[in-house]
Amino acid sequence: MLSRLSCVGRIPLTGCVANLRTAARTTIQQKAGQVSRKEVTKDWHYYGKIFLGGSAIVGGTSICAAGLFPNKFGDVEVNALQRATIWPEYVSQRMKSTYVWFGLGLAATAGTMVATKNFVPLQNLMASHPFITMIALMGATMGLSTAQRSIPYSNNNMLTKVALAAGLYGVIGTVLGPMMHIGGPIVTRAAMYTGALVSGLTLAAVTAPSEKYLTMSGPLMMGFGVVACASLASAFLPPTGMVGGGLYTIAVYGGVVLFSAMLLYDTQRIVKSCEVIPKHGNYDPIAQSISVYMTTINLFIRIVQIVAGGNRRK
């Protein structure tokens, strides 16, 4: 069930339009000296960083303990990195293809962000009708994701699957294009932090016992529901209030923790799929890569908001 979130539920638009709009509006207001109740927002960022730091310590300790002392935790399975040395060629090729498509998706999204950052009609639509825009873009992304996933991966369908995947990357890149106005250095730093986080978590997943994180589907589903509701509610409540600030903290800082855990789950699920699907079975590297892509985009959005919030308070 959780794997379905990779194509539908994890669409990084719930609250994204409103949050980016709020961030841009707050930056403009601060420059004009018009921000009120700034201390409330500052406090929520402070509490969010405490929560994020505590989660990093607990999660990092458990990951290191499981990797360094597997026998003490009852984990005697050989991890994916060790099994990779004896993988058949088709399993290795599946892994390579999946992460090549993942990299192409990120590159296409980044290029679209740069190309559409000054796309005035969309910016005006976001500013005047954020909720309608969010629903429309979510519908478009869900439709592209579902259609792409429903088509079998084969040479006959390759052109259609690639076109649908490209459309998905283009829509998300277009939505994120206005983020470039937050500032090139901020977006670059956020991209670097996201890359480091994704690389570290991927390494942790492949060095952990093969199914250690696949048991987290239930808690991840519940956490996703909480973060999704908080993100949606933050579209209507500004982060400068007590309630809005709390929801913002859950959506942003809680989202970083949630999607970090989802990346561990996704990575081990992809490895298992590569191994258990028969050689001549229909393994779809494009659909599999989109799960990691969606999780990475969600992390990137939240890290941009955290970095931008830190810069505004300096």
**Message:** Take the residue pairs Lys96/Lys161; Lys96/Lys279; Lys161/Lys272 and return only those whose Cα atoms are more than 21 Å apart.
**Reply:** Lys161/Lys272
**By average C-beta atoms within 10 angstrom, highest first, the peptides 126-133, 245-252** = 245-252, 126-133
**Asked** Say a paramagnetic label sat at a point 7 Å from the Cα of Asn157, along Cα to Cβ; which residues of segment 263-282 have their backbone N under 11 Å from it?
**Response** 282
**Spin-label pair Leu214/Cys229, simplified geometry with 7 Å Cα→Cβ offset, distance in nm** = 3.0 nm
**Request:** Taking only the C-alpha atoms, wrap a convex hull around segment 198-254 and report its volume per residue in Å³ as a whole number.
**Result:** 85 Å³
**Asked** Assuming R0 = 45 Å, what is the FRET efficiency of Tyr90 and Ser128, from their Cβ-Cβ distance, to the nearest 0.05?
**Response** 0.30
**Item:** Two-decimal Rg/Rh across segment 167-314, once Rg and the Kirkwood Rh are taken from alpha-carbon atoms
**Value:** 1.01
**Message:** Solvent-accessible area of Met242, probe 1.4 Å, all protein chains present, reported in Å² to the nearest ten, please.
**Reply:** 120 Å²
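The values are calculated or read from the model by the stated rules, or taken from the named source; none is laboratory data. Computed from a predicted model, the values in this text were never measured in an experiment. Heads up, the Cβs are rebuilt from the backbone with ideal geometry, glycines too, and the neighbour counts pull from every protein chain shown. The protein model used for the area step is the full one, side chains on, heavy atoms only, and it has no ligands, DNA or RNA in it. Shrake-Rupley method; radii C 1.70, N 1.55, O 1.52, S 1.80 Å.
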